[in-house]
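Engineer: Handing you a structure now.
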Amino acid sequence: MIRVVLPSQLDDYTGGLRELALDLSAPDDRALVLNDVIDELERRYRGVRFRVVDEQGAIRRHIALFVGQTMVRTLQAPLATDDRVQIVGALSGG
Amino acid sequence: MKHTVLVGTRKGAWTLVSSNQRRDWRIQGPRHLGAVISHYVADPRRDGCQLMSVGSGHLGPSIFVSMDHGENWVEAAQPPAFSPAPAGEPRTVDHVFWLTPGHASEPDVWYAGTSPQGLFKSVDGGNHWEEVLGFNHHPQGLEWRGGDKDGTPDGPKLHSILVDPADKCHLLVGMSGGGIFESFDEGASWEPLNKGVAMDFYPPKEDGSEYAFGHDPHCMVMHPEFSNRLYHQNHCGLYALDRAKGDRWQRIGDNLPREVGDIGFPIVVHPRDPETIWVFPMDGSGQWPRVCPQGKPAVYRSRDGGQTFERLCQGFPIEQAWWTVKRQCMAVDAEEQVGVYLGTANGELWASFDEGDSWRLLARDLPQIYSVEVVTSP
C-alpha cells in the first residue's frame, strides 16, 4: 500500500483527511509513478490535481512532493508499492 | 429594498447588508477565509447568482459560484487555464483577476481576465472556462502584452472586460501591460484602441507618431445606457472617449488640480448620467507611492464629462491618511441619490449616499480590500 500524507490546504477537497493508503499496482506496460497517485487522488477528490499540478503539467511552484524523504520535481518519479508520498504546501508569505 | 456590498479582500470575502434604505449595515463573513479574493461580483441577470475569484496563493487559481446569494459555493469544474503550449513560453494562470457577466441576452455567459494576461469565457454560468482564442492566441498577442515576466511586481493583469449592452459582439478589455483592445465579433478578432493615450514611460518615437499598444490602462468603464461613452483611468492620466464620434481618447485629467494630478486606479460612472464620474487620484510622483496626495483622501467628481471636477472629502480624515484604493474598489448603486462605495488597502469600507458629497465609514479592520461591488435586491 502507498501511504499518502496530505496538507491542510487541501482540506476543502478531502474533507480534512490528512492521510490515506492507496492500493495501487503498476500498470502492465510500465512502472508505477507519482502521477498515478495524483490521478487516484483526483478520482477520489475532484479538483485536487489542479491544486497540485498546473495546466502545463508542472508541479506548482509552492508545492513540494516527497517520495520517502526525497523531494521530487517530476510526476514521473518511480514509486514502489510501499512508498510513502507526502504533499507539502508552502505557507510562506504574509 | 435591500443593499448588499460584496467585499473581496486579500484574506477572504465579506458582505455588508442594509435592509433599511442604507441607514444601518451589518457585516457578514468571512467566506473563504485566508484565500485571495481578487474579484467578487453579482450577476445582474440572475438574482442570487454570484461569482468569486478565489486564489489560495500557492495552490493556483479558481472560481467559485453561488446561486443563493453567497450562502453556498461550488468550485468551477474547469477553472481558467491556458492550453498546453506547443512552442514558446508555457503559460500558467497565476490568478483570476477580473470577472464580468456576459450580455443580458446570454445569461450563462461570463468572462474572466487573468494574470498573466489572458481572456477566458464560460458559457455555462462559470462552471467550465475556455480560452478566448481570438485574443489569447492572436498573432500579435505576445507583442501586445510582452512576456509574462515583464509585468508589474504582482503580475500583469487583464481587467476591465466590457460587454456592450447595445451589442453583445462588441467587447473591450484592458491590459495593465499592453493597453486597451476592442472586438466587434464577440472576441474572434481584436484591434488596439489607444489613440491619444500618453505612454510617457517609453521613449518618444523618433517620427513623432504614437505607440499603438504597450500602454497601461488601470481601469475602464462603459456607461450602461449610453455605451458609446467610455472613460478610463490610466497609468498616464485620465481619459474619456465618445466611441460614436471616433477612436481618440481625450485627456480629461488635465482638468484635475495640478497638485493632485490625474494618476489613480479606480473610476466609476453614474448609472444614468454619462457625464458624471468619480475618481480617486493617487500620488504618481517620484517613487509612485500610490497613496492619496499629501495624505489627504478625496474623491473627485465631474458632472460634465471631465471638463471640471469637484473635490469631495467631507467625512474623510483631513490629514495623515495614506490610503490606496485599488482598481476594483469603487462601486455605485442605482438609487435616485446614487451611493458611492470605496474600499481601501487598509481594510476600510466607506460610502456616500449623497453622490459623494459626504462620506461614512461602514466597516474597518478588514484585510486589504481588493474589490467592492454593490447589489440591490427587492
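Engineer: Can you give the Rg to Rh ratio of chain B, both from alpha-carbon atoms, with Rh computed by the Kirkwood formula?
Structural biologist: 0.94
Engineer: At a Förster radius of 30 Å, what calculated FRET efficiency corresponds to the Cβ-Cβ distance of B:GLU275 and B:SER189, to the nearest 0.05?
Structural biologist: 0.40
Engineer: Please name whichever of B:GLY214, B:GLN250, B:LEU366 sits farthest to the positive end of the charge dipole of chain B, dipole taken about the Cα centre and charges placed at Cβ: Lys and Arg +1, Asp and Glu -1.
Structural biologist: B:LEU366
Engineer: List the residues whose amide H sits under 5 Å from the amide H of B:GLY179, counting only those 5 or more places along or on another chain, with H placed 1.01 Å from N in the peptide plane.
Structural biologist: Those qualifying (amide H under 5 Å, at least 5 residues apart or on another chain) are B:GLY214, B:HIS215.
Engineer: Please list, ordered by chain and number, the residues whose modelled amide H lies under 5 Å from the amide H of B:VAL375; skip anything fewer than 5 residues away on the same chain.
Structural biologist: The list, which skips near neighbours in sequence, is B:THR4, B:VAL5, B:LEU6.
Engineer: Can you pull the one-decimal nm distance between simple spin-label points at B:ASP254 and A:SER25, each 7 Å off the Cα toward Cβ?
Structural biologist: Result: 7.9 nm between the two label points.
Engineer: For segment B:216-378, give the magnitude of the charge dipole about the Cα centre (Cβ charges: +1 Lys/Arg, -1 Asp/Glu; no others), in debye to the nearest 20.
Structural biologist: That gives segment B:216-378 a dipole magnitude of about 420 debye.
Engineer: Right, here's the next one. Extending each Cα 7 Å along its Cβ direction at A:ASP82 and A:ARG61, get the distance between those two points in nm, one decimal.
Structural biologist: About 4.0 nm separates the two model spin labels.
Engineer: Let me ask something else. Could you pull the Cα extents of segment B:146-303 along its three principal axes, largest to smallest, in whole Å?
Structural biologist: For segment B:146-303, the Cα spread along each principal axis is 45, 39, 33 Å.
Engineer: Computed FRET efficiency, Cβ-Cβ of A:ARG3 and B:SER105, R0 60 Å: what is it to the nearest 0.05?
Structural biologist: 0.65
Engineer: Could you let me know the centre-to-centre spacing of segment B:36-90 and segment B:293-332, using Cα atoms, in angstrom?
Structural biologist: Using only Cα atoms to place each centre, the spacing works out to 31 Å.
Engineer: Taking the Cα centre of the protein assembly as shown as the origin, how large is its charge dipole in debye, to the nearest 20, when only Lys and Arg (+1) and Asp and Glu (-1) carry charge on their Cβ atoms?
Structural biologist: The dipole of the protein assembly as shown has a size of about 1060 debye.
Engineer: Would you calculate a helix-derived [θ] at 222 nm for the protein assembly as shown, using -39,500 (n - 2.57) for each DSSP H run of n ≥ 4 and dividing by the full residue count, to the nearest 500?
Structural biologist: Result for the protein assembly as shown: -1500 deg cm²/dmol, rounded to the nearest 500.
Engineer: For segment A:2-89, evaluate the Debye formula with one uniform point scatterer on each Cα (no solvent term) and list log10 I(q)/I(0) at q = 0.12, 0.18, 0.24 Å⁻¹, rounded to two decimals.
Structural biologist: -0.31, -0.73, -1.38
Engineer: With unit charges on the beta carbons (Lys and Arg positive, Asp and Glu negative) and the dipole taken about the Cα centre of segment B:163-224, which residue among B:ALA198, B:LEU172, B:HIS223 sits farthest to the positive side?
Structural biologist: Farthest along the dipole direction, towards plus: B:HIS223.
Engineer: Which of B:LYS195/B:LYS326; B:LYS2/B:LYS121; B:LYS296/B:LYS326; B:LYS195/B:LYS296; B:LYS121/B:LYS168 have a Cα-Cα distance over 21 Å?
Structural biologist: The answer is B:LYS195/B:LYS326; B:LYS2/B:LYS121; B:LYS195/B:LYS296.
Engineer: Viscosity 1.306 mPa s, temperature 10 °C: Stokes-Einstein D of segment B:1-80 from its Kirkwood Cα radius, in µm² per second?
Structural biologist: 122 µm²/s
Engineer: Another question, then. Would you pull out the residues with amide H under 5 Å of B:VAL197's amide H, same chain only if 5 or more places away, H placed 1.01 Å from N?
Structural biologist: Correct list: B:TRP249.
Engineer: Running a GNM on chain B with Cα contacts under 10 Å, which residue among B:GLY55, B:GLY174, B:GLY295 ends up with the highest mean-square fluctuation?
Structural biologist: So, out of B:GLY55, B:GLY174, B:GLY295, the one fluctuating most is B:GLY295.
Engineer: Still on this structure, I have one more. From the C-alpha coordinates alone, can you work out the Kirkwood hydrodynamic radius of segment B:35-203, in Å?
Structural biologist: For segment B:35-203, the Kirkwood estimate is 16.3 Å.
Engineer: May I pose another question? Just to confirm the number: angle between the C-alpha axis of helix A:34-44 and the first principal axis of chain A, 0 to 90 degrees, nearest 10?
Structural biologist: 70 degrees
A short reminder: the numbers here are calculations on the coordinates, not readings from a lab. None of these values were measured; they are calculated from a predicted model. A quick note on method: Cβ atoms are made from the backbone with ideal geometry, for glycine too, and the neighbour counts reach across all protein chains shown.
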